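Here's the structure, in structure tokens; my notes come after.
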Amino acid sequence: MQVNRTARTLYVDALDVLLKGRMAEIAVARDWELLREVARLAQQDAPLELAATDPALYETWRAAVTKYHLKGWTHMTPERVDAVRQRAADRRRASSAA
């Protein structure tokens, strides 16, 4: 799936996916760019400065990261998303060459 997003739009969309727990939906859609950003946000966790500037968002983000791990997404790191994306592209190329 190729979607043209700005860095800001990607960040906002990924945070929305993380907060709403919609990772499976994005994985099924094979939106690799968005999935990678969700993995990055989860891996980096909620920025600590949010605790002072936006405590509600900080708590919501922290809870979403906890759910992310509890639902088994821990191994979905940005690097893992890149590897899966590459394998999918390789399979596509191999099947079109056959």
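Points to keep in mind about this one:
- When segment 52-64 is limited to residues that are surrounded by fewer than 12 Cβ atoms within 10 Å (Cβ to Cβ) and of a type outside the set (S, T, N, Q), the one that is farthest from Ala14 (Cα to Cα) turns out to be Ala52.
- Cβ-Cβ under 9 Å pairs, at least 6 apart or on other chains, segment 65-80 side surrounded by 13 or more Cβ atoms within 10 Å (Cβ to Cβ), far side acidic (Asp, Glu): Val65/Asp45; Pro78/Glu37
- Tabulated pairs, segment 20-39, first surrounded by 21 or more Cβ atoms within 10 Å (Cβ to Cβ), second assigned to a helix (DSSP H, G or I) and of a type in the set (Gly, Ala, Ser), C-beta under 7 angstrom, 6+ apart or interchain: Leu34/Ala14; Leu35/Ala27; Glu37/Ala14; Val38/Ala14
- Filter result for Glu49 (of a type in the set (Asp, Glu), without any contact (Cβ under 8 Å) to a residue 60 or more places away in the chain and closer than 23 Å to Thr9 by Cβ): yes
- Among the candidates Ala42, Ala46, residue that is in a helix (DSSP H, G or I), at pLDDT 95 or above, surrounded by 12 or more Cβ atoms within 10 Å (Cβ to Cβ) and of a type in the set (Gly, Ala, Ser): Ala42
The values are calculated or read from the model by the stated rules, or taken from the named source; none is laboratory data. Model, not experiment: these values are computed from the prediction. With ideal geometry, Cβ positions are generated from the backbone for all residues, glycine too; neighbour counts draw on all protein chains shown.
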